[in-house]
Amino acid sequence: MDTFKFKLKVKEKPATKRGMLSIISSVYDPLGFLTPLVLPAKRLLQELCRKKCDWDDPIPPAFQQKWNKWLTDLEKVVYFKIHRCVKPAGFGRTVSAQLHHFADASENGYGTATYLRMQNMDERVHVTFLFGKARVAPLKTVTIPRLELTAVVAVRVDKMLQSELQLPLKKTCFWTDSTSVLKYIKNEDRRFQTFVANRVTSIRVNSDIAQWRYVPTSMNPADDASRVLKAEDLMKQRWIEGQSSYGNLKRRGQHFLWIQVSLPTTQK
């Protein structure tokens, strides 16, 4: 089976901010497979910036210990692999394809995970991880409800993938576990402050309100992108397989979500 694998040979660098940045930047992962694993290292570097440590000064012992643990964890990605082909052998002709973007944010950071759902003539469904992206939370403190509006990243990712994929794509679905985000998007009467207004406007311009759905945090794979995740947890495949390991979800409030095995869908 043709698969993507990671062959990392981390060069020895001084335990300084400059050395840390060099190692973090050397992890070549354009599709974001390792996004949840790399975020903790970026968070560590951000904390050093917050403490105003110089670029070439040795990092404090407490940070050194965390950094060493992350380097040890990074070595385990040699066991990580993912199928290169988005459509499995023998799947047949694809009659429908749809992008599903999951967004989440926490005090650590925010991110999005994108999956391609395909269905063939026999109504067989296959879900494939396409793209992952995460960023550390801003140094300036932002409330979680506002930070959740970084779901706008999912809209930008959708625009990029729509232009690159040569597939007859149906209308995209966006998933968030933040009811605040859904209320912001649906509220057309209130005037928001600049931070909120800019992000809400971007979401509305590049997507329809009806495309946005609710998903509980426990079933949101993007939760992995916004929190600290170790290599062994990453390889348990929730990040890569999305909701394939979960069963059905019933009605919650005004949002009706139905997730079948390997199939995120909705019912009215």
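Bear in mind that the values in this text are calculations on the coordinates, not laboratory data. Predicted model only: the values in this text are computed from it and were never measured. Neighbour counts are summed over all protein chains in view; Cβ atoms, including those assigned to glycine, are modelled from backbone coordinates with ideal geometry.
Rounded to the nearest 20 debye, the dipole magnitude of the chain is 300 debye, with +1 charges on Lys and Arg beta carbons, -1 on Asp and Glu beta carbons, and the Cα centre as origin. Note on ARG93/PHE195: beta-carbon distance plugged into 1/(1 + (r/R0)^6) with R0 of 41 Å gives a FRET efficiency of 0.35.
Rg ratio for region 16-75: its Cα radius of gyration over 2.2 N^0.38 Å, N being its residue count, equals 1.09.
Electrostatic bookkeeping for ALA41 treats Lys and Arg as +1 and Asp and Glu as -1; over the other residues with beta carbon under 10 Å from its beta carbon, the sum is +2.
Measuring between alpha carbons in the structure, the pairs from LYS5/LYS76; LYS17/LYS230; LYS13/LYS69; LYS11/LYS81; LYS42/LYS81; LYS17/LYS140 lying more than 18 angstrom apart are LYS17/LYS230; LYS11/LYS81; LYS42/LYS81; LYS17/LYS140.
With an a/c value of 1.5 or above and a/b not larger than b/c for the gyration tensor axes a ≥ b ≥ c computed over the alpha-carbon atoms, region 98-240 is described as oblate. Note down the net charge around SER96, summing +1 for each Lys or Arg and -1 for each Asp or Glu among other residues with Cβ under 15 Å from its Cβ. Neighbourhood net charge equals +4.
Counting only DSSP H runs of at least 4 residues, each contributing -39500 (n - 2.57), and dividing by the residue count of the chain, the helix-based mean residue ellipticity at 222 nm comes to -9000 deg cm²/dmol. Within the shell defined by Cβ-Cβ distances under 12 Å, the residues around PHE192 carry a net charge of +4, with Lys and Arg each +1 and Asp and Glu each -1.
With the convex hull drawn over the C-alpha atoms of region 113-160, the volume per residue is 93 Å³. Under the rule a/c < 1.5 gives rounded, and otherwise a/b versus b/c splits prolate from oblate, where does region 1-129 land using the Cα gyration tensor? Judged from the Cα gyration tensor, region 1-129 comes out prolate (a/c at least 1.5, a/b above b/c). Comparing ALA151, TRP239, TYR115 along the charge dipole axis of the chain, the residue lying farthest to the positive side is ALA151, per the Cβ-charge model. Judged by the ratio a/c of the largest to the smallest principal axis of the C-alpha gyration tensor, region 68-174 counts as oblate, that ratio being 1.5 or greater while a/b is no larger than b/c. Ellipsoid semi-axes for the chain, based on the Cα gyration tensor and the rule √(5λ), read 33, 25, 15 Å when sorted largest first.
Listed peptides 140-153, 108-121, 20-33, 189-202 appear in the order 108-121, 140-153, 20-33, 189-202 once ranked by packing, highest mean of other Cβ atoms within 10 Å at the front.
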